[in-house]
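Asker: Please find one structure pasted underneath; my questions will follow.
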Amino acid sequence: MTNEFSLHWFRQDLRLSDNPSLNYLSQKHKRIVCVFIYDEVNCNRKLGSASKTWLHYSLLYLNNKLDNNLLIFKGNPESIFLDLIKQNKITEISWNRCYEPWRVERDKLLKKTLSKHVEVKTFNGSLLWEPWEVLKADSTPYKIFTPFYQRGCLTKQPPRKPISNNFSFFNHKIKSLSVNGLKLLDNMGWENKVVNHWEIGESFAEKQMNNFLKEGLGDYSHGRNFPNKLNVSRISPYLHWGQISPNTLWYNAEKLQQDVETINIDIFKSELGWREFFYNLMFHFPNIQSKNLQNKFDKFPWDSNDEFLKSWQKGLTGYPIIDAGMRELWKTGYMHNRLRMITGSFLVKNLLLHWQHGEKWFWDCLFDADYASNSASWQWVAGTGTDAAPYFRIFNPITQGKKFDPEGEYIKKYVPELKNIPHKYLYTPWECPSEILSEINLKLGVDYPFPVVDIKLSRAKALKAFSILKK
DNA sequence: CCTGGAGTTGTCCTA
DNA sequence: TTAGGACAACTCCAG
């Protein structure tokens, strides 16, 4: 048979550079074929709308880079691989590891099954340190970030250095689906507009990184708190899909030690460290998305109010900074980190709604939707996590708006109906005198809502609710 | 087992 | 106007 080749399975490593599995195969075999499988078997959280869209364009890009040689399937990987093995001469199969609980489970079984037929190898292509390697001296997982990162990670061997390679891909004749055949864009609604804010593909990840390292990193530690500044990396969607590796980000940031104050580099690296922490938590606490990590919160009296939830989702709470954040998400499939905290705190501690409502909404809307980071971050905001914001730490949307959007540019960008309101009332439009409102032709309750809840009262209510958890 | 220090990102009140 | 402490204790972690 002339049809002999090795197989790389693309999953959350949609890149050709710094890809350990591809690199391994290329050193061993001349002919490599790449496969992507859209797999929802035993998956307890199917891809959200934004993720499907991102994946669609990512696959188009990748297939193009591979001269249309990407094999695309939908279904159960086990039967797909067994079929491929039966019909071709496959010498070896390899992939980079995933860490979501159902994927760990699936891959373990799959490796066992496939190993009966071909050689199977797996690699670390998406984490700086493996979750089972970062443990306390007593072999139990860390629950607190600082010791996890400082002691657990930084005293270990430094992360793998990025590798670069050029691959030549085997021009096979195997039939498979097209990207469109996966029907990832079936809805043809919201996603198609939102995606215009992004350029999707490996080279754009690199472009985004270079832009950030040049323009954002220099004032990262301070500027990253301001949603209207360009100091955050905005690289999370690429990182989630592996269009860039954390290793590449880590070492490229480190390279700038001569030009950039150490604190900025250290804080950026520690943000990558947070991502490691979240993956570590997910690995050791696989229920992270469905269960409070602090189970005393199981008896917390969450409210249930569809109107509140809808107003939050649509950015119609009457608090300008909250609404700006929620509309940024709706419009661009992304939300600045500061706003994720403010809007998250508001949902959980002012509207008193369960954090899982927020987790689900973000999962559906965010291009960077990531099982580990999303779940762990919501648990952090809600105070239910292992290393969480204390419950009495409740963000005040008025104060936060004034502090982190002092010119109101971010608010006006996403809540344009407030663009003519005097700055004095931008953060509290309900306090604006009626003669000014009619002068600027703004009808509160019609053009822009009154606040859904009172900040002081709802805060007090939350503190009271939390107090029953004591002891 | 004991001990002491520490824990991402805040707010509010008081002096 | 501003700086400092209270908020609430508890668990985690390392020596």
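Asker: Answer with yes or no whether residue A:86 is in a loop (DSSP other than H, G, I, E, B) and out of contact with any helix residue (DSSP H, G or I) (no Cβ under 9 Å at 6 or more places or on another chain). Don't jump to the end; show me each part of the working.
Answerer: Numbers: in a loop (DSSP other than H, G, I, E, B): no; out of contact with any helix residue (DSSP H, G or I) (no Cβ under 9 Å at 6 or more places or on another chain): yes.
Taking the combined requirement at face value, the residue does not satisfy it.
Asker: Out of the range A:454-471, which residues are small (Gly, Ala, Ser) and either within 12 Å of DNA strand B (Cβ to nearest atom) or more than 10 Å from residue A:352 (Cα to Cα) (or both)? Spell out the reasoning first.
Answerer: Initially, the range A:454-471 is screened for residues small (Gly, Ala, Ser), giving A:458, A:460, A:462, A:465, A:467.
Once the filter is applied, which keeps residues that are small (Gly, Ala, Ser) and either within 12 Å of DNA strand B (Cβ to nearest atom) or more than 10 Å from residue A:352 (Cα to Cα) (or both), the range A:454-471 yields A:458, A:460, A:462, A:467.
Asker: Since residue A:250 meets every condition but one in (1) touching a residue at least 24 places away in the same chain (Cβ under 8 Å); (2) more than 20 Å from residue A:145 (Cα to Cα), which condition does it not meet?
Answerer: For residue A:250, the exception is condition (2).
Asker: Something else: Only residues in the range A:460-471 that are on the phi > 0 side of the Ramachandran plot and modelled with pLDDT under 85 count as the first member; pair them with residues that are in a helix (DSSP H, G or I) and away from DNA strand C (no atom under 11 Å from the Cβ), Cβ under 8 angstrom, at least 6 apart or cross-chain, and list the lot.
Answerer: Taking only residues 6 or more apart or on different chains, not a single pair turns up.
Asker: Residue A:134 passes all but one of (1) more than 16 Å from DNA strand C (Cβ to nearest atom); (2) in contact (Cβ under 8 Å) with a residue 60 or more places away in the chain; which number fails?
Answerer: (1)
Asker: Which residues, counting only those in the range A:324-341, are closer than 16 Å to residue A:399 by Cα and in contact (Cβ under 8 Å) with a residue 60 or more places away in the chain? Lay out the reasoning, then the answer.
Answerer: So in the range A:324-341, the residues closer than 16 Å to residue A:399 by Cα come out as A:324-325, A:338-341.
A:324, A:325, A:338, A:339 - these are the residues of the range A:324-341 that are closer than 16 Å to residue A:399 by Cα and in contact (Cβ under 8 Å) with a residue 60 or more places away in the chain.
Asker: Another question, then. Taking residue A:46 and the conditions (1) surrounded by fewer than 13 Cβ atoms within 10 Å (Cβ to Cβ); (2) within 23 Å of residue A:170 (Cβ to Cβ), which numbered condition does it fall short on, given that it satisfies the others?
Answerer: Every condition holds for residue A:46 apart from (2).
Asker: Can you name the residue in the range A:150-162 that is more than 7 Å from DNA strand C (Cβ to nearest atom) and more than 29 Å from residue A:22 (Cβ to Cβ) and, of all such residues, is surrounded by the fewest Cβ atoms within 10 Å (Cβ to Cβ)?
Answerer: Our first condition is that a residue be more than 7 Å from DNA strand C (Cβ to nearest atom); within the range A:150-162, this holds for A:150, A:153-162.
Add one more test, that the residue is more than 29 Å from residue A:22 (Cβ to Cβ), and what stays is A:150, A:155.
Working: A:150: 12, A:155: 7.
Ranking the candidates gives A:155 first.
Asker: Specify which of the listed residues (A:456, A:402, A:461) is surrounded by 15 or more Cβ atoms within 10 Å (Cβ to Cβ), assigned by TED's automatic domain parsing to the domain that holds residue A:324, farther than 15 Å from residue A:339 by Cα and within 16 Å of DNA strand C (Cβ to nearest atom). First the steps, then the outcome.
Answerer: Numbers: A:456 fails: surrounded by 15 or more Cβ atoms within 10 Å (Cβ to Cβ); A:402 fails: farther than 15 Å from residue A:339 by Cα.
None of the others qualify; the one that does is A:461.
Asker: Determine whether the range A:85-94 contains at least one residue that is in contact with an Asp or Glu (Cβ under 9 Å, 6 or more places away or on another chain) and closer than 30 Å to residue A:185 by Cα.
Answerer: Residues of the range A:85-94 in contact with an Asp or Glu (Cβ under 9 Å, 6 or more places away or on another chain): A:88-94.
Next, from what is left, pick out any that are closer than 30 Å to residue A:185 by Cα: A:93-94.
The answer is yes, given that some residue of the range A:85-94 is in contact with an Asp or Glu (Cβ under 9 Å, 6 or more places away or on another chain) and closer than 30 Å to residue A:185 by Cα.
Asker: I would also like to ask the following. Would you check which residues across the range A:1-55 are part of a strand (DSSP E or B) and either closer than 30 Å to residue A:366 by Cα or within 24 Å of the chain's Cα centre (by Cα) (or both) and list them?
Answerer: Quick first cut of the range A:1-55, residues part of a strand (DSSP E or B) only: A:4-10, A:32-38.
A:8, A:9, A:10, A:34, A:35, A:36, A:37, A:38 - these are the residues of the range A:1-55 that are part of a strand (DSSP E or B) and either closer than 30 Å to residue A:366 by Cα or within 24 Å of the chain's Cα centre (by Cα) (or both).
Asker: Now, a different point. If I ask for residues that are surrounded by fewer than 21 Cβ atoms within 10 Å (Cβ to Cβ) and either within 16 Å of DNA strand B (Cβ to nearest atom) or of a type outside the set (D, E, K, R) (or both), which ones from the range A:309-331 would you list?
Answerer: Answer for the range A:309-331, where residues must be surrounded by fewer than 21 Cβ atoms within 10 Å (Cβ to Cβ) and either within 16 Å of DNA strand B (Cβ to nearest atom) or of a type outside the set (D, E, K, R) (or both): A:309, A:313, A:316, A:318, A:330.
Asker: Identify all residues within the range A:369-384 that are part of a loop (DSSP other than H, G, I, E, B), of a type outside the set (Val, Ile, Thr) and over 11 Å from the mean Cα position of the chain (by Cα); write none if there are none. Step through it out loud before you land on a result.
Answerer: Start the filter on the range A:369-384 by keeping residues that are part of a loop (DSSP other than H, G, I, E, B), which leaves A:369-370, A:383-384.
Retained after the next criterion (residues that are of a type outside the set (Val, Ile, Thr)): A:369-370, A:383.
Matches in the range A:369-384: A:383 only.
The values are calculated or read from the model by the stated rules, or taken from the named source; none is laboratory data. It should be emphasised that the depicted structure is a prediction, and the values quoted were computed from it without experimental measurement. Here the Cβ is made from the backbone with ideal geometry for all residues, glycine too, and neighbour counts use every protein chain on show.
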